[in-house]
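These notes are about the structure you will find just below.
The values are calculated or read from the model by the stated rules, or taken from the named source; none is laboratory data. Remember, predicted model here, so these are calculated numbers, not experimental data. Virtual Cβ from ideal backbone geometry, glycine too; neighbours counted across all protein chains shown. Side chains are part of the model used for accessible areas, which takes the heavy atoms of the whole protein and leaves out ligands, DNA and RNA. Shrake-Rupley method; radii C 1.70, N 1.55, O 1.52, S 1.80 Å.
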Amino acid sequence: TGITATRSFDALIAADQRIEPRDEMPDAYRAGLVRQIAQHAHSEIIGMQPEGAWISRAPSLRRKAILLAKVQDEAGHGLYLYAAAETLGVSRDELEGLLLTGRQKYSSIFNYPTLTWADIGVIGWLVDGAAIVNQVPLCRCSYGPYARAMIRICKEESFHQRQGYELLHTLAHGSPAQREMAQDAVDRWWYPSLAMFGPPDGESTHSAQSMKWGVKRFSNDELRQRFVDMCVPQAEVLGLTLPDPDLRWSEERGHHDFTPPDFDELMRVVKGDGPCNAQRMAHRRAAHDNGSWVREAAAAHAAK
Ligand code: FAQ
């Protein structure tokens, strides 16, 4: 007992040091992290569906190989994140159960449909782009296992973002029909991507506590602004238009002014009433049921 004095949770947070699984931590810190990490893991797994739907329809072998690798990476990200959550004393089974019974969430963005091949490019550019802006600060999050999982995920995510950008650049510089398809996809995904950052700061229930504990490093609105500022010059290079007539540079703010997403729509989608919620959950449940023989076999093997 007491060979080395352990520093208290508050002291570690104040010194901006990492909390590790065996350190003491307030119940609310643990519960908040389980909520966020599980929601993040579920997002990666559900997020395989909109893109997975295009693997069999990719326009070339090269594009198919790239998309397969990307979707497979997303499964890997889900696994790193479930493993990080497990260090907080919850099992993957439990978390899976909470997702399947609708008691835990996943990102709103994956409840929108992928209607054309251009959507695959836009998911890479905007959705992975938003994910990176949100996740880079999480590499410095106070909980060690989550922060370390994020480092690896961000590296892979930046590759994903570039492949989407390259795909979209090719379409935007292709035939008039391809260009039009690219613009249509940008028009449909812009606002759902802005909504990924969550409700405005004034309505964000978890932000204040999460920032005090060093889980979040920037607010929802700060990261949303950073994302908009990043996308504007990229859209120019693509030759595509972001669908916001009020989007313009503000000299005095040093940022772009823009129209915020419809947060009522975000809340409706989060509550289950988006275009694809029912389909995504039905697919996930079917995949879970179809995998039961694998779990049984693994358990039988482990029991030997
Ligand atoms: N969707 O108080 P806040 C990816 C909920 S990227 C659904 O501001 P917080 C990569 C929120 O949970 C996507 N729910 O919450 C990929 C809370 O509800 P609760 C995943 C949302 O946690 C790309 C309530 O609203 N990334 O998967 C959303 O401080 C392509 C109040 O909100 C992450 O999860 C939303 N958009 O801030 C994969 C990143 N926004 O739980 C495949 C980690 C808010 O009290 C293909 N998470 N809510 O019932 C975070 O950074 C944070 O959790 C935020 C929300 C920023 C999402």
How big is Rg to Rh over region 60-216, alpha-carbon atoms, Rh as the Kirkwood inverse-mean-distance radius?
-> 1.00
Ratio for region 212-283, C-alpha Rg to 2.2 N^0.38 Å, reads 1.45
For region 55-201, what relative contact order do you get, as a whole percent, if you take Cα pairs closer than 8 Å and at least 6 residues apart?
-> 27
FRET efficiency estimate (nearest 0.05) - Cβ-Cβ, residue 217 to residue 178, R0 51 angstrom = 0.85
Any idea what the dipole of region 17-89 comes to, in debye rounded to 20, about its Cα centre with Lys/Arg Cβ at +1 and Asp/Glu Cβ at -1?
-> 520
Relative packing of 39-46, 272-279, 293-300, which averages over residues the other C-beta atoms within 10 Å, highest first | 39-46, 272-279, 293-300
Calculated from DSSP helices alone, with each H run of at least 4 adding -39500 (n - 2.57) and the total divided by the residues of the chain, [θ]222 nm to the nearest 500 comes to -19500 deg cm²/dmol
Say each of residue 35 and residue 259 gets a label point 7 Å from the Cα, pointing the same way as Cα to Cβ; how far apart are those two points in nm?
-> 3.2
Would you kindly state how much longer the chain becomes between residue 244 and residue 83 on full extension, computed as 0.36 nm times their sequence separation minus their alpha carbon distance, in nm to one decimal?
-> 54.0 nm
Plugging the Cβ-Cβ distance of residue 24 and residue 75 into 1/(1 + (r/R0)^6) at R0 = 22 Å yields, to the nearest 0.05, a FRET efficiency of 0.05
Could you quote the convex hull projected area for the chain, Cα atoms only and averaged over all directions, in nm²?
-> 19.2
Could you work out how far apart the two model spin labels at residue 101 and residue 61 are, taking each label as a point 7 Å from the Cα in the direction of the beta carbon, and quote it in nm?
-> 4.8
Spatial separation of Cα centroids for region 59-77 and region 207-265, in angstrom | 28
The size of the Cβ-based charge dipole (Lys, Arg +1; Asp, Glu -1) of region 212-291 about the Cα centre, to the nearest 20 debye, is 660
Taking 7 Å along the Cα-to-C-beta vector as the label spot, tell me the residue 94-residue 271 distance in nanometres, rounded to one decimal.
-> 2.9
Please name whichever of 32, 54, 88 sits farthest to the positive end of the charge dipole of region 9-101, dipole taken about the Cα centre and charges placed at Cβ: Lys and Arg +1, Asp and Glu -1.
-> 54
Total charge dipole magnitude, the chain, about the Cα centre, Cβ charges on Lys, Arg, Asp, Glu only, Debye to nearest 20 | 1020
The relative contact order of the chain, taking Cα pairs under 8 Å that sit 6 or more residues apart, comes to a percentage of 19
5 Å-binned pair-distance histogram of region 29-131 (Cα, whole percent) = 2, 12, 22, 22, 16, 12, 8, 4, 1, 0
Sequence order, region 42-50: Karplus ³J(HN,Hα) from phi using 6.51 cos²θ - 1.76 cosθ + 1.60, θ = phi - 60°, Hz rounded, Gly and Pro as x, gives 4, 4, 4, 6, 5, x, 6, 5, x
Which whole-number value in Å² is the accessible area per residue of region 1-142, probe 1.4 Å?
-> 45
